[in-house]
Amino acid sequence: MNDFSSPVNNLINELARLPGVGRKSAQRLALHIIQGPKEEAVALARAIEDARNNVRFCTICGALSDGDICSVCADELRDHTTIMVVEEDKDKAVYERTGQYKGVYHVLQGVISPLHGISPDKLKIKELLARLKDDKVREVILATNPTVEGETTAMYLSRLIKPLGIKVTRIANGVPVGGNLEYVDDVTLARALEGRVSM
């Protein structure tokens, strides 16, 4: 049985499809959108449409960008000899927030996870290896999450990169095992970055 009219139920159903949003949260969000000022709802719809139409992947690192090259890759003041490999854009954003890391990134767009049908060829690994052909790169920091899938991905990448003669490091302890970088505080992340170890 539907408690609301069809348009409201449609909105609730669409919001409930978002990650981390359950049915009750979707209902609260839907009612807030409908009962709030119309301009706010229109602005939200326009922001979603604008982001969907104008955001793409950086042709160098694979991060979300509003241009062909993201602002980090385009920044000549960044250390382009060091590449930090992260799983997702949200992980890159977390490290950027610390203000401690001055190198560039590579976003894998996920991790190796046979249970979920994600094999290495579905990640941006070929693109990373292509970047490493540039003699300028001296270090690759593997900053995948400390989960089973993250560790598996880090070990896989380490085996591919080490033979190229490039230093491979892993973020240090301090990031809890089984945790997610998105929820780790800035100080812990900064310490993990400073204490990275060779692999």
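Count, please, the residues in the stretch 104-163 that happen to be closer than 20 Å to residue 56 by Cβ and among the hydroxyl-bearing types (Ser, Thr, Tyr).
1
For the stretch 64-77, which residues satisfy the criterion of being touching a helix residue (DSSP H, G or I) at 6+ places or on another chain (Cβ under 9 Å) and open to solvent by 40 Å² or more (accessible area, probe 1.4 Å)?
64, 66
Determine, yes or no, whether residue 104 is within 15 Å of the chain's Cα centre (by Cα), at pLDDT 95 or above and either part of a helix (DSSP H, G or I) or not charged (D, E, K, R) (or both).
Numbers: within 15 Å of the chain's Cα centre (by Cα): yes; at pLDDT 95 or above: yes; either part of a helix (DSSP H, G or I) or not charged (D, E, K, R) (or both): yes.
Spelling it out, residue 104 is indeed within 15 Å of the chain's Cα centre (by Cα), at pLDDT 95 or above and either part of a helix (DSSP H, G or I) or not charged (D, E, K, R) (or both).
Of these, 176, 146, which one is at pLDDT 75 or above and on the phi < 0 side of the Ramachandran plot? First the steps, then the outcome.
Details: 176 fails: at pLDDT 75 or above.
Being at pLDDT 75 or above and on the phi < 0 side of the Ramachandran plot holds for just one of 176, 146, which is 146.
Could you list, in sequence order, the residues of the stretch 4-63 that are open to solvent by less than 80 Å² (accessible area, probe 1.4 Å) and not in a helix (DSSP H, G or I)?
4, 5, 21, 22, 36, 37, 55, 58, 60, 61, 62, 63
Scan the stretch 64-94 for residues that are in a loop (DSSP other than H, G, I, E, B) and either touching a residue at least 24 places away in the same chain (Cβ under 8 Å) or farther than 25 Å from residue 146 by Cα (or both) and jot them down.
Filtering the stretch 64-94 down to residues in a loop (DSSP other than H, G, I, E, B) leaves 66-70, 75-78, 87-88.
Scanning the stretch 64-94 gives 66, 67, 68, 69, 70, 75, 76, 77, 78, 87.
When you check residue 197 against the structure, is it modelled with pLDDT under 75 and either closer than 22 Å to residue 98 by Cβ or not hydrophobic (A, V, I, L, M, F, W, C) (or both), yes or no?
When the stated conditions are applied, residue 197 passes them.
May I ask you to list the residues in the stretch 86-139 that are open to solvent by 50 Å² or more (accessible area, probe 1.4 Å) and closer than 17 Å to residue 65 by Cβ?
The answer is 88, 90, 93, 96, 109, 124, 127.
Suppose we filter the stretch 13-40 for residues that are among the β-branched types (Val, Ile, Thr) and within 25 Å of residue 90 (Cα to Cα); how many remain?
Within the stretch 13-40, the first condition is being among the β-branched types (Val, Ile, Thr), and the residues that meet it are 21, 33-34.
Pick out the ones that are also within 25 Å of residue 90 (Cα to Cα) and you get 21.
Qualifying residue count for the region: 1.
I need every pair where a residue in the stretch 1-22 that is under 16 Å from residue 33 (Cβ atoms) has its Cβ under 6 Å from the Cβ of a residue that is at pLDDT below 90 and open to solvent by 70 Å² or more (accessible area, probe 1.4 Å), sequence separation at least 6 or different chains.
Going by the 6 Å Cβ cut-off, the qualifying pairs are 9/2.
Against the condition of a type outside the set (Gly, Ala, Ser), within 22 Å of residue 109 (Cα to Cα) and touching a residue at least 12 places away in the same chain (Cβ under 8 Å), how does residue 50 come out, does it pass? Give the steps one after another, and end with the answer.
Numbers: of a type outside the set (Gly, Ala, Ser): yes; within 22 Å of residue 109 (Cα to Cα): yes; touching a residue at least 12 places away in the same chain (Cβ under 8 Å): no.
Considered against the rule, which asks whether it is of a type outside the set (Gly, Ala, Ser), within 22 Å of residue 109 (Cα to Cα) and touching a residue at least 12 places away in the same chain (Cβ under 8 Å), residue 50 comes out as no.
The values are calculated or read from the model by the stated rules, or taken from the named source; none is laboratory data. Please read these numbers as outputs of a predicted model, since none were measured by experiment. Please note: Cβ atoms are built from the backbone with ideal geometry, for glycine as well, and neighbour counts cover all protein chains shown. Only protein heavy atoms, including side chains, enter the accessible area calculation; ligands, DNA and RNA are left aside. Shrake-Rupley method; radii C 1.70, N 1.55, O 1.52, S 1.80 Å.
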